[in-house]
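Read the structure below first, then the notes.
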Amino acid sequence: MTFLKQTVALTSAGLRSMSERRGSSFVTLISVTAAVGVLTSLLAIREGASIFNGGNARPDIVDVISRGATSTPQSVITRDTLSVIESAPGVKRSPDGKPYVTATTFVSVDVIKKNGKTGNVYLVGFSPGSALVQSNVKIVEGRQYRQGLHEVTVSEPIRKMYRNMNIGDHLVLLKTEWTIVGVFAGNDSIGDSVLRADADTVMSAFSRTTFQAAQVQLTSPSAFRQFKDALTGNPAIAVEVRTLSQSMKDNFGQLTSLLDFIAYFVGTVMASGAVFGSLNSLYASVDARRREIATLRAIGFSGSPLVISVLIEGMLLSLPGAFLGALITWVLFNGNVVDVAGLIFKLTVTPHLLEISIMWALAIGLIGGSLPALRAARLPVATALRAN
Amino acid sequence: MKYLPLAWAGIWRKRSRAVLLLLQIASAFLLFGLLQGLNSGIKQAIARAHADRLYVGSSVSLGVPIPMGLLPRIRSVPGVKLVSPLIQFPSSYQKPGQGIPLDGVDPDAFFGIFPDYVVPPEQIQALKKDRSGLILGAIPAQRYGLKVGDRLPLQTQQPKSDGTNAWSFNIVGIFDVPSQPNGAGAAIVNYDLLNEARLADRDTTLLFIALADTPAHAPAVAAAIDKTFANSPHETRTQSEGDLIASQIQRIADIDLIVGGIIGAVFFALLLATGALMMQSVRERIPELAVLKTLGFSDGLVMGLILIEAVLFCVFSAGIGLGLASIILPQARAQIGITSMPINVIVNGLIFAVVLAIAGSSVPAWRGLKLQVAEALADR
């Protein structure tokens, strides 16, 4: 009980004297805020990009690409291969017998951002089965594209980010005029990063004879083995079969881990800067109270409450920085739509990020407090009392 | 100059505090050095680009194939010296992690357009004669112990029309790119061979690379090429090498903005930290400064001493941070192709350090200037 009382007394004494060290406390606050702000901003990019890591992918959807291809642009699916896929066992069928299979073809398209810079999106052609497989993609404004006509639908973020992407606008690609007829919403594997159109129309406009990939809905997730074996065991075709979540991991995993690395590397360097700042501030705090601490030691306060009180002071000093840093990030960036390497997503400052920033701030305070705390505990009482 | 030792001694008056501030400044400049080094490395690559090399791609986007049929018409555009198609197949040797990108080209034209790819002329002739010949980059050749005369089996990602992905090439030459540390990583093969065997996109190319007769003519030649195909079903967009690199980087992300934001936050925090600590240090030394004045140091000199001390300290700490950055940065050369820290980053960093020191210590220095000896010594 005395231990607790002593700790509380010492901590409150330290905090009360903080106003005398307004300058250095303020500096610590700013360093922690800057470190946490930068870390959370970078993590918000990574958090936004995590919609591509396949965690939320439906387990009954599988991707089929040609063997050897590691990503869709290198893949080739012929019409013959497509009909083998459509008749494979395990494929879900509608009551009238249509297979839940959609073949896709990708065309990279240069577009102009509203700020005048060039950007890049994919025009993706889907064969009619997409209405079955991707039933979660809905038209929220305007109407669906029609087969055989040069019509596309756009996502809301694309409409916001790029010029000439409103309903009724035209997009001229290779002398062909495509009309934007609707806005879609709802996630599939590449979410909002694409323009959607009819596959056959896209293929004839770009003189292609083959698809690039196929997406299949199975009767159930457990049909995967059967479906995969039937396709990979067929000598007439050379394809690879992956669950949607695996395929997303393969396609975008590198990006997520790169973003992670950047965030934590820059965050670590900035945080170590803040640790040194915090150390300085707390050394000053202990130094300024040398006589006071020595007096307390002389009248019987023991060392460990002293250590704890300095550590608590360190953490309390950096905690507001965590909230401030996270708050600034949230105000500036939350919900902003960015595009990284052609992928469009929202920056999201989640409660999880707030947790991370608080952890980091506490760590900064703890490390920053440890050495000054030891100095306070080891203070030779006699010398300190004699000092002016 | 003779006051330097005095200023130096002033810095280390409180050793542990000085070391901590030093580390704080050094870590800020470490970040500055790395981010700016990266940024200016990219800018250097753009500046190094050969202006006479033109990249002719589809007007839709660079990834969209264009027909080989355009080749003769590009070649006949006045001012075009050489034209080669370029198709790229990612491929791997023996196992998936060991990638060797395959570039399918017209050998004569390609090595004419890229004189910085060093390869003996007889090896280029050998590649022309042997359809399944391959000129390997020096980097994979060294890494996998391959030499001229070896057979090289490769797996491509794109399927062949026979349904397999397996290729076999004869290594007829080795090329090196002395001007670019990571330039010699690919393998050069005949366009015709890749084209005939592939399943999709036959008789198209990813882009054409053209060489203009002089760099000065290049913009006019580029415009002339695009004009040739304007209003045709295959409109082109011709970019110079520098434009191409710049637009590809812009596709990845807006790097300038991110780097600027981080550096801004770092320096704002740092400016406050140095300022506050300098102020604290001067406050504690008021009696000492007063003694200096009594000894005959002028007001200006005392102010100067405080400023010199700050500049000396910041430049010293920044130097440590920048030095560390120049050691770390080349480790990332494989990814970004930067061999050494660009000298202008170091110079800018040191200038920044001086500005930081002067901005951070101007208030304390002003106090030093205005210091009244009698008042300052009164406490003693």
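Throughout, read-outs are computed from the coordinates displayed, never taken from laboratory work. For clarity, every value in this text was computed on a predicted model and none was experimentally measured. So basically every Cβ, Gly included, is an ideal-geometry build from the backbone, and we count neighbours across all protein chains shown.
Annotations for the structure displayed:
- Residue by residue along B:197-209, Cβ atoms of other protein chains within 10 Å of the local Cβ number 2 on average.
- Gaussian network model of chain A, Cα within-10 Å springs - most flexible of A:S207, A:S281, A:S50: A:S207
- Taking the square roots of five times each eigenvalue of the Cα gyration tensor of chain A, the equivalent ellipsoid has semi-axes of 61, 23, 15 Å, listed largest first.
- Residues of type lysines that A:K92 reaches as a straight line, Cα spacing below 20 Å, ignoring anything fewer than 8 places off in the same chain: A:K228
- Charge-dipole axis of chain B as Lys and Arg at +1 and Asp and Glu at -1 on Cβ define it, positive-most pick from B:A325, B:L257, B:F89: B:A325
- Summing charges over all other residues whose Cβ lies under 15 Å from the Cβ of A:S17, with Lys and Arg as +1 and Asp and Glu as -1, gives +2.
- Per-residue mean of foreign Cβ neighbours for A:67-73 is 5 (Cβ atoms of other chains, 10 Å radius).
- Percent RCO, i.e. relative contact order, over chain B, from Cα pairs under 8 Å lying at least 6 residues apart: 27
- Both radii are taken from the alpha-carbon atoms of the protein assembly as shown; with Rh as the Kirkwood radius, Rg/Rh is 1.07.
- Under a Gaussian network description of chain B, with springs only between Cα atoms under 10 Å, the residue in B:F313, B:F114, B:F268 that fluctuates furthest is B:F268.
- DSSP-defined beta bridges in chain A - what % are antiparallel, rounded to 5: 80
- About its Cα centre, segment A:237-388 has a charge dipole of approximately 800 debye under the convention of +1 per Lys or Arg Cβ and -1 per Asp or Glu Cβ, with nothing else charged.
- If only the Cβ of Lys and Arg carry +1 and only the Cβ of Asp and Glu carry -1, the dipole of segment B:255-380 around its Cα centre is close to 40 debye.
- A cut-off under 9 angstrom between Cβ atoms defines the neighbours of A:T179, and their net charge, with Lys, Arg +1 and Asp, Glu -1, is -3.
- Once the Cα gyration tensor of chain B is diagonalised, semi-axes √(5λ) in Å: 61, 22, 17
- DSSP bridge pairs, the protein assembly as shown: antiparallel proportion in percent, nearest 5: 80
- Averaged over the residues of A:26-36, the number of partner chain Cβ atoms lying within 10 Å of the residue Cβ comes to 5.
- Relative packing of peptides A:309-315, A:334-340, A:151-157 - highest average C-beta neighbours within 10 Å first: A:309-315, A:151-157, A:334-340
- Dipole of chain B, positive direction: furthest Cα of B:F352, B:T294, B:G173, with charges on the beta-carbon: B:T294
- Sorting the Cα pairs of segment B:155-256 by distance into bins of 10 Å, from 0 upward, gives 11, 26, 37, 24, 2 percent per bin.
- Pairwise label distance in nanometres, B:L369 with B:F316, each label 7 Å out on the Cα-Cβ vector: 2.5
- Computed over chain B with a Gaussian network model linking Cα atoms closer than 10 Å, the most mobile of B:G41, B:G275, B:G163 is B:G163.
- When only the Cβ of Lys, Arg, Asp and Glu is charged (+1, +1, -1, -1), the dipole of the protein assembly as shown relative to its Cα centre reaches about 2460 debye.
- In this simple spin-label model, placing a label point 7 Å from the Cα along the Cα-to-Cβ direction at both B:R75 and B:Q125 gives a separation of 2.1 nm.
- Dipole of chain B, positive end: most advanced residue of B:L193, B:Q142, B:G368 [Cβ charges, Cα centre]: B:G368
- Whole-number percent relative contact order across segment A:240-388, with pairs defined as alpha carbons under 8 Å at least 6 apart: 38
- Here r is the Cβ-Cβ distance between B:L324 and B:V355 and R0 is 22 Å; the resulting FRET efficiency, rounded to 0.05, is 0.60.
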